[in-house]
Structure formats: structure tokens, C-alpha cells
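**Student:** So that we are looking at the same thing, I have put the structure below in C-alpha cells.
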Amino acid sequence: VSTQSTWGLDNASTFLTDLTDALIKQGVQPYIFHSEAAQGQLEMSIMYENALKAADNHIRFRSTVHAIARKHNLKVNFMPKLSSTAIGSGLHCHMSIHRNGKNLFEMGDQTLSSEPYQFIAGVLNHLPSLLAVLAPTTNSYRRIQPHTWSGAYQCWGRGNREAAIRLLDNNFEIKTSDATSNVYLGLGLIIYAGLDGIMQKRKLPPATVEDPEEPMFKRLPSSLDESLGIFSKNIYFQSVMGPQLFKAYTALKKFELEAFKGKSIEEEVKILREKF
């Protein structure tokens, strides 16, 4: 099934209809869905909300997808990578910044030194650390590869699907996150990273217009070991999370890292498939 294939949607129409009805009954509004490039792969976006409600809605969404799939004798999986040849699945996060009910991306000064862009600069600066939360499993890094639209380089662009952060008309998208993450912790740290950008008055570098390549662009961590090492030294994240949560999260991820050390993708899938 090719991307945006109507055949793929027709084939899953009964499942998608029941899923849409169930989500709406829970107050979760589907925004758009379409078939994706992998066999049996579908993408659904839900309407934006404030950060806490968006996280709640994600949990409702994922649980409901599994429940409706069982009703149709189907199996659904949100793992980043199910095989070495399969196209990966992410959890793209779109975010806008509002003050007094106004979207700052639609107002006034839109130079790279203005507040909305300082916010993005903060997220971009902390992204290597953020990956330990947004892409928190060894399997996550099998998806984040160059030339796969997953955001393998620490850069941003206007509509650039290869950039880790993509700026759209009135929001920006973070492409590196996946559904093995804790969305509450992930969204919280994205917000704090952005606020740090505003407080430090960080300025974004020029937008990336071409496909990023080394050595001109910095590669984001290519393993959980690497991202966790950077995260564990992030004093700012330690301060906003508090030492107890920061220490517990770091210890848990180190334990998981050791448990999955040397495992093949097939072994990862066997262990994680039923969890996601």
C-alpha cells in the first residue's frame, strides 16, 4: 500500500469508523488519518489541546486503538521499528505557543530572535538530552536514521522533513519522538527546554533547506547509551525534574540499557511487542 492510498483506507474502513466513533465519545477529536508507506501502517492525528490534556488524550487514543483492534481481530503495534527492513513509526509532536489566547507564531515579530523562535532554539539546544526521554528504548534508535524523515540531525527547517524540528505555518513539529516514551515527561521537558531558550534568549541558526549531512550538521545521538549519557549530565533538566525523579529515571534507563545490550531487533520485538 503506498502512502495516502485510498485502497489502504478502504481496507481498514470498518476499523477506522469504529475507532473514530469511540474516540469522539471520549472527547478525543480525530483530525486527519491516512495510510502510510509500510504494509498495514496507518497514521492518525488528533486535535491539539493544552499540554496536559494532549498527554491524557494520547493515552486514551493508544488504549482505544488497541481495544478497537481486538474487537476486529486485529493487532496494533506502536513500536518504533518492527524489523530491520520495515519503515518505522514515530510519535510526532506539534506544538504552538500562546499568550492571552493568541498564537505567537501568528503575531508580530517573526524574526529568529523573537520569543517563538527562542523557544524552538531552546528545544533544539536540549534535543540531544531530550532524546533519552522522547526516544527512550534501544529500539528507538533503529528508527532515527538519516534520510528516513525521522530527524537524525540537530537542525531545524521550514517544511524540511529531514530536519529534527520542522517549522510549519503556525506551529513546529518535533520528529524524533516515538510511542515508547512517557508523554507526560516528554511534553514537560520540551516545554522547559523551550522556556530555557526564552530565558537565555537563544537565537536559532539559519534554517536547513537541504538534506542534512555530516560533517556540516551535527548528528543526534545514535543510541540510547549516547543520549542517556548526555541526559545524565544535563543540570538544567535535573533542576526542573527534581533530583529524585531525575535519578530514578536515569537509573531505570540504565537498567533497561543493560538488559537490552547486544539484543537483535527480533529479540527486542519479542520482548516489547505486547507492551506497545
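**Student:** When residues of the stretch 168-203 are filtered for being under 12 Å from the mean Cα position of the chain (by Cα) and in a loop (DSSP other than H, G, I, E, B), how many remain?
**Tutor:** The qualifying residues number 8.
**Student:** Among residues belonging to the stretch 56-86 that are out of contact with any Lys or Arg (no Cβ under 9 Å at 6 or more places or on another chain) and over 18 Å from T20 (Cα atoms), point out the one that is most open to solvent (accessible area, probe 1.4 Å).
**Tutor:** Taking the candidates together, the pick is T85.
**Student:** Does L124 meet the test of being open to solvent by less than 20 Å² (accessible area, probe 1.4 Å), within 17 Å of T111 (Cα to Cα) and part of a helix (DSSP H, G or I)?
**Tutor:** yes
**Student:** For L245, all conditions in the list (1) assigned to a loop (DSSP other than H, G, I, E, B); (2) of a type outside the set (S, T, Y); (3) modelled with pLDDT of 95 or more hold save one; what is the number of the exception?
**Tutor:** Going through the list (1) assigned to a loop (DSSP other than H, G, I, E, B); (2) of a type outside the set (S, T, Y); (3) modelled with pLDDT of 95 or more, L245 breaks only (1).
**Student:** Going through the stretch 73-116 one residue at a time, which ones are of a type in the set (K, R) and under 20 Å from A12 (Cβ atoms)?
**Tutor:** Of everything in the stretch 73-116, just one residue is of a type in the set (K, R) and under 20 Å from A12 (Cβ atoms), namely K75.
**Student:** Read through the list (1) touching a Gly at 6+ places or on another chain (Cβ under 7 Å); (2) within 17 Å of S177 (Cβ to Cβ), then give the number of the only condition that S35 fails.
**Tutor:** The failed condition is (2).
**Student:** Determine which member of the set S45, S35 is touching a helix residue (DSSP H, G or I) at 6+ places or on another chain (Cβ under 9 Å) and closer than 24 Å to G88 by Cβ.
**Tutor:** Residue meeting the stated conditions: S35.
**Student:** Among what's in the stretch 211-231 and is within 18 Å of the chain's Cα centre (by Cα) and open to solvent by less than 10 Å² (accessible area, probe 1.4 Å), pick the residue that is nearest to R166 (Cα to Cα).
**Tutor:** Taking the candidates together, the pick is L220.
**Student:** Here are K254, K261: which of them is out of contact with any Phe, Trp or Tyr (no Cβ under 9 Å at 6 or more places or on another chain), open to solvent by 60 Å² or more (accessible area, probe 1.4 Å), modelled with pLDDT of 95 or more and not small (G, A, S)?
**Tutor:** K254
**Student:** Between a residue in the stretch 60-72 that is within 15 Å of T14 (Cα to Cα) and any residue that is assigned to a helix (DSSP H, G or I) and open to solvent by 50 Å² or more (accessible area, probe 1.4 Å), which pairs come within a Cβ distance under 7 Å, given they are 6 or more apart or on different chains?
**Tutor:** From residues that are within 15 Å of T14 (Cα to Cα), the pairs are H72/T14.
**Student:** A further question follows. Restricting the stretch 138-195 to residues that are open to solvent by 20 Å² or more (accessible area, probe 1.4 Å) and basic (K, R), which is farthest from F78 (Cα to Cα)?
**Tutor:** Ranking the candidates gives R158 first.
The values are calculated or read from the model by the stated rules, or taken from the named source; none is laboratory data. This one's a predicted model, so the numbers in the text were calculated from it and none came from an experiment. We place every Cβ from the backbone using ideal geometry, glycine too, and count neighbours over all the protein chains shown. Ligands, DNA and RNA are stripped out before the accessible areas are found, and what is left, the full protein with its side chains, is counted by its heavy atoms. Shrake-Rupley method; radii C 1.70, N 1.55, O 1.52, S 1.80 Å.
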